[in-house]
Amino acid sequence: MLAGFTYRMPTWHPFQDQEACARARRVSRAELANFQHPNLKIIILRDDEFAFRLVNDIFGRIKQATDEGRRLVLILPQPEPLYAWVAYLCNKYRVPCHHLYTFNMDEYADENGNIAPESWPNSFLYNMKVNFYGKLDPALRPPEDHFQGPTNANFRDYGKMIADLGGADVCYGGIGWSGHVAYIEPGSEAFPPMPMAEWVKIGPRLVKLTPFSILQNSLGPEFGMSGDWSLVPPQGATIGPAEYLGARLRSSWNAFRVGVSMVSWQRFIVRLAAFTPPTPLIPATMIQMAPTELYLSESLAADIRPASVEEFSWYTL
């Protein structure tokens, strides 16, 4: 907080450790660059190489698994148009994907818990089929049932479907404004606060989305990038902590900015997730509990500070 006026944060966010928030706010780029942790590795990338590195990371794992003749199981976030570039590389270099299995980490649901159908253009499974599966050369595609997302038909067994394949090799994703990963929302009835050793055993759940997640998603291109919170469904179907930590590696990619500005709700929360002891109240703190690569763009790694005179400020013209 700025000197001269002290106050408590709003009580509607379940995480109320004000000192932890202050600590996260002070984390500098240098501290991120020199971060040392037994499970968590932080990688800072130039903004202009971020998308390339993500595409290359996914394609490289597909190619390596092909070369080694083994199955590859990925948990993937949606919607992500960059998957079309992964498909392009598979097509260009003739990399067959018959060994590839993907699971979307979450999906929208309505107020009654009905999961959005694949036929709805804003559904995550629709986006996966259009941007990735549908762009693969038919000769390189696996059977369509290798590409799964939560549905009304499969959700009861969704965690088991992943486990039956030996678990995920990599769980990709990023950190949400509330501190969620997938739709594992802090303080929700679906993922209630409890001792961490018990909480991490929770599997897939239907969950009411927090205001954080609804507002975050209202900035997405699928909803017009205009903050139209009325279009965002109220619930989600999501993997649980058990599936997130069950993957052999977590690969977390974080570079959200509003346009080309330095405005980013992610700059604070990635610091809170990396520097706060694991707690169900900030689900993304799970990145500290098992091998994780945390990728940050340079813009996200930049120090958090009030606008300088060289930048736009409401207070300085």
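Laboratory data are not the source of any read-out in this text; all were calculated from the coordinates shown. Note that this is a predicted model, so its numbers are computed, not measured. Positions of Cβ are generated from backbone atoms using ideal geometry, with glycine treated the same way; all protein chains shown enter the neighbour counts.
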Could you give the C-alpha radius of gyration of the chain expressed as a fraction of 2.2 N^0.38 Å, taking N as the number of residues it contains? 1.00
R248 versus D48, label points 7 Å from Cα toward the beta carbon: distance in nm? 3.6 nm
Does anyone have the angle between helix 83-92 and the longest principal axis of the chain? Alpha-carbon axes, 0 to 90°, nearest 10? 40 degrees
Please give the calculated 222 nm ellipticity per residue for the chain, where each DSSP H segment of at least 4 residues contributes -39500 (n - 2.57) and the sum is spread over every residue; nearest 500 deg cm²/dmol? -8000 deg cm²/dmol
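With r as the distance between the Cβ atoms of W120 and S261 and R0 = 30 Å, compute the FRET efficiency 1/(1 + (r/R0)^6) and round to 0.05. Walk me through the numbers before you get to the answer.
Details: r = 31 Å, r/R0 = 1.03.
Calculated value: 0.45.
What share of the DSSP beta bridges in region 148-287 is antiparallel, in percent to the nearest 5?
On the way: 5 of 9 bridges.
Taking every DSSP beta bridge with both residues in region 148-287, the antiparallel ones total about 55 percent.
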Run the quick spin-label model on K41 and A84: label points 7 Å from Cα toward the beta carbon, then report their separation in nm to one decimal. 3.2 nm
For region 16-162, the dipole about the Cα centre with charges only on Cβ (Lys and Arg +1, Asp and Glu -1), to the nearest 20 debye, works out at 580 debye
Projecting each Cα onto the charge dipole of the chain (Lys/Arg +1, Asp/Glu -1 at the beta carbon, about the Cα centre), which of L45, V270, T6 comes out farthest on the positive side? L45
For K201, go through the lysines and keep the ones whose alpha-carbon is under 23 Å away, minus same-chain ones fewer than eight residues off. K160
Looks like region 1-154, by Cα gyration tensor root eigenvalues a ≥ b ≥ c and the a/c under 1.5 rounded cutoff (else prolate when a/b is bigger than b/c, oblate otherwise), is oblate
Gaussian network model of the chain, Cα springs within a sub-10 Å range: biggest mean-square fluctuation belongs to which of P280, P193, P306? P306
Quick check for you: which residues of region 102-120 have the amide N under 12 Å from the point 7 Å beyond the Cα of M161 toward its beta carbon? 102-107, 118
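Antiparallel DSSP bridges in the chain: what percent, to the nearest 5? Mind showing how you got there, number by number?
Values: 10 of 34 bridges.
Restricted to the chain, the bridges split so that about 30 percent are antiparallel.
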The farthest towards the positive end of the charge dipole of region 104-200, of the residues F124, L165, P143, given +1 on Cβ of Lys and Arg and -1 on Cβ of Asp and Glu, is P143
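Ranking L294, L32 by Cβ neighbours within 10 Å, fewest first, what do you get? Mind dumping the intermediate values first?
Working: L294 25, L32 21.
Ascending number of Cβ neighbours within 10 Å: L32, L294.
Find, among the trypsin sites (Lys or Arg not before Pro) in region 227-296, those assigned to loop by DSSP (not H, G, I, E, B) with at most 14 other beta-carbon atoms within 10 angstrom. Let's see the in-between values first.
Values: sites: R248, R250, R257, R267, R271; in loops: R248, R257.
Taking region 227-296 and a limit of 14 other Cβ atoms within 10 Å, the loop trypsin sites (Lys or Arg not before Pro) found are R248.
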So if I place +1 on the C-beta of Lys and Arg and -1 on the C-beta of Asp and Glu, and nothing else carries charge, what would the dipole magnitude of the chain be about its Cα centre? I want it in debye, nearest 20. 580 debye
What percent do you get for the relative contact order of the chain when only Cα pairs under 8 Å and 6+ apart count? 23 percent
